[in-house]
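The values are calculated or read from the model by the stated rules, or taken from the named source; none is laboratory data. Source: prediction; values computed, not measured. Cβ placement follows ideal geometry from the backbone for every residue including glycine, while neighbour counts extend to all protein chains displayed.
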Amino acid sequence: MQGRRPDGAGQRVPRVVTRGRPPSLLTVRDQIIACDACPRLRSYCARVAREKRRAYRDDDYWGKPVPGFGDPQARLLLVGLAPAAHGANRTGRVFTGDGTGGSGDFLMSALHRAGFANIPTSRHPDDGLALRDAFIAAAVRCAPPDNKPTPEEIARCLPHLDAELRALPRIHVVVGLGRIGFDAYLRLLDSRGTAERPRPAFGHAAVYRLSSGQILIGCYHPSRQNTNTGKLTAAMMDEVFRRARRLLG
Ligand code: SF4
């Protein structure tokens with residue numbers, strides 16, 4: 001029997017329900033968690049979960065693909081990059097547990113100031129965090145080595161974003177967190193046969209009205225690399241969510 005290539009080349013895309021009645025978020029969540037379409041990423045996540053970081057050695061790592069999180073009636077969708085190896089891959093919730101002052105806290109404090117989150121931090125799954133009118137998804141649901149998924153892995157994970165979006169009937173404004181999140185949303189539109197022409201270019205706080213009537217906004221990713229160097233400041237992120245809030249009315 002032929003073995004699977006470690007990079008997942010030749011893999012089938014994940015089997016997700018995309019036709020007929022939209023799937024429930026719960027169904028989509030189960031499909032994401034059960035996905036094993038990318039051998040490279042699955043084995044990396046499992047290894048990280050087994051070996052752990054010293055600071056988290058007493059934790060039970062999640063170690064599986066991470067579904068989106070938020071309000072099922074959300075009108076605002078955020079599309080990030082991928083789970084962090086010791087953040088969401090450990091806690092099982094997007095943008096959660098990547099350390100004090102990490103991307104989860106940075107993002108959540110901005111969402112809190114804009115009225116989309118009830119608390120300004122995102123530390124662990126039972127911290128009481130609830131999003132209002134917002135949902136956070138990602139281009140890739142498994143933590144990639146060096147935070148770098150391959151183009152094939154990004155393409156393979158797209159059906160999960162598609163299914164999640166179909167289960168979120170009220171989305172009106174989409175914020176692409178980083179170029180990969182921004183492009184993933186445009187690729188999703190391509191795959192649905194509704195490609196945007198001219199193609200929106202990624203830029204921080206750049207706002208595009210799409211032919212569907214939805215709005216797409218670019219935002220630098222709140223990675224430590226961006227926030228520690230001042231490429232992305234709290235004020236810059238506030239500007240993005242202020243615009244989103246205004247566009248939602
Ligand atoms: S990255 Fe996406 S497609 Fe690949 S195994 Fe994880 S959930 Fe499945």
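If you go through the range 190-211, how many residues are hydroxyl-bearing (Ser, Thr, Tyr), surrounded by 13 or more Cβ atoms within 10 Å (Cβ to Cβ) and within 24 Å of GLY249 (Cα to Cα)?
Total meeting the criteria: 1.
Restricted to the range 128-166, and to residues that are β-branched (Val, Ile, Thr) and not in a loop (DSSP other than H, G, I, E, B), which residue is nearest to the ligand (Cβ to nearest atom)?
Among residues in the range 128-166 that are β-branched (Val, Ile, Thr) and not in a loop (DSSP other than H, G, I, E, B), the one nearest to the ligand (Cβ to nearest atom) is ILE154.
Please tell me if ASP238 is within 21 Å of ASP71 (Cα to Cα), out of contact with any Cys (no Cβ under 9 Å at 6 or more places or on another chain) and at pLDDT 95 or above.
Considered against the rule, which asks whether it is within 21 Å of ASP71 (Cα to Cα), out of contact with any Cys (no Cβ under 9 Å at 6 or more places or on another chain) and at pLDDT 95 or above, ASP238 comes out as yes.
Those residues that are surrounded by 15 or more Cβ atoms within 10 Å (Cβ to Cβ), farther than 21 Å from VAL173 by Cα and over 17 Å from the mean Cα position of the chain (by Cα), I need them from the range 99-114; list them, please.
Result: GLY99, single match.
Would you be able to say whether some residue in the range 188-209 is modelled with pLDDT of 95 or more, within 16 Å of the ligand (Cβ to nearest atom), within 19 Å of GLY70 (Cα to Cα) and not β-branched (Val, Ile, Thr)?
no
For the structure I just gave you, tell me whether ARG90 is crowded, with 24+ Cβ neighbours inside 10 Å, within 13 Å of the ligand (Cβ to nearest atom) and among the charged types (D, E, K, R).
For ARG90, the condition - crowded, with 24+ Cβ neighbours inside 10 Å, within 13 Å of the ligand (Cβ to nearest atom) and among the charged types (D, E, K, R) - is not met.
Where the second residue is within 14 Å of the ligand (Cβ to nearest atom) and outside any helix (DSSP H, G or I) and the first is under 18 Å from PRO125 (Cα atoms) and lies in the range 34-61, which pairs have Cβ atoms under 6 Å and are six or more apart or on separate chains?
Going by the 6 Å Cβ cut-off, the qualifying pairs are ALA49/GLY63.
May I ask you to verify whether PRO22 is away from the ligand (no atom under 16 Å from the Cβ), over 30 Å from THR233 (Cα atoms) and either buried (at least 16 other Cβ atoms within 10 Å of the Cβ) or under 14 Å from the mean Cα position of the chain (by Cα) (or both)?
yes
Among the residues of the range 115-132, which ones are surrounded by fewer than 18 Cβ atoms within 10 Å (Cβ to Cβ) and either out of contact with any helix residue (DSSP H, G or I) (no Cβ under 6 Å at 6 or more places or on another chain) or farther than 27 Å from ALA55 by Cα (or both)?
GLY115, ASN118, ILE119, ASP126, ASP127, GLY128, ALA130, ARG132
Filter the range 25-65 for residues that are farther than 10 Å from CYS142 by Cβ, within 15 Å of the ligand (Cβ to nearest atom), surrounded by fewer than 19 Cβ atoms within 10 Å (Cβ to Cβ) and charged (D, E, K, R) and give the result.
ASP30, ARG47
Here is a check on your reading of the model: is GLY97 more than 13 Å from the ligand (Cβ to nearest atom), more than 16 Å from ASP162 (Cα to Cα) and modelled with pLDDT under 95?
Answer is no for this residue.
If you go through the range 136-157 one residue at a time, do you hit one that is farther than 28 Å from ASP60 by Cα, surrounded by 18 or more Cβ atoms within 10 Å (Cβ to Cβ) and of a type in the set (A, V, I, L, M)?
No: zero hits.
Quick check on my filter: what residues within the range 199-241 are among the hydroxyl-bearing types (Ser, Thr, Tyr) and touching a Phe, Trp or Tyr at 6+ places or on another chain (Cβ under 7 Å)?
Selection gives THR227 alone.
So LEU247 fits all but one of (1) surrounded by 14 or more Cβ atoms within 10 Å (Cβ to Cβ); (2) in a loop (DSSP other than H, G, I, E, B); what number is the exception?
Unmet condition: (2).
Looking only at residues that are aliphatic (A, V, I, L, M) and part of a loop (DSSP other than H, G, I, E, B) in the range 43-85, which one is farthest from GLY213 (Cα to Cα)?
Among them, the one singled out is ALA85.
Among the residues of the range 109-117, is there at least one that is within 18 Å of CYS219 (Cα to Cα) and touching a Ser or Thr at 6+ places or on another chain (Cβ under 8 Å)?
Yes, that holds for at least one residue.
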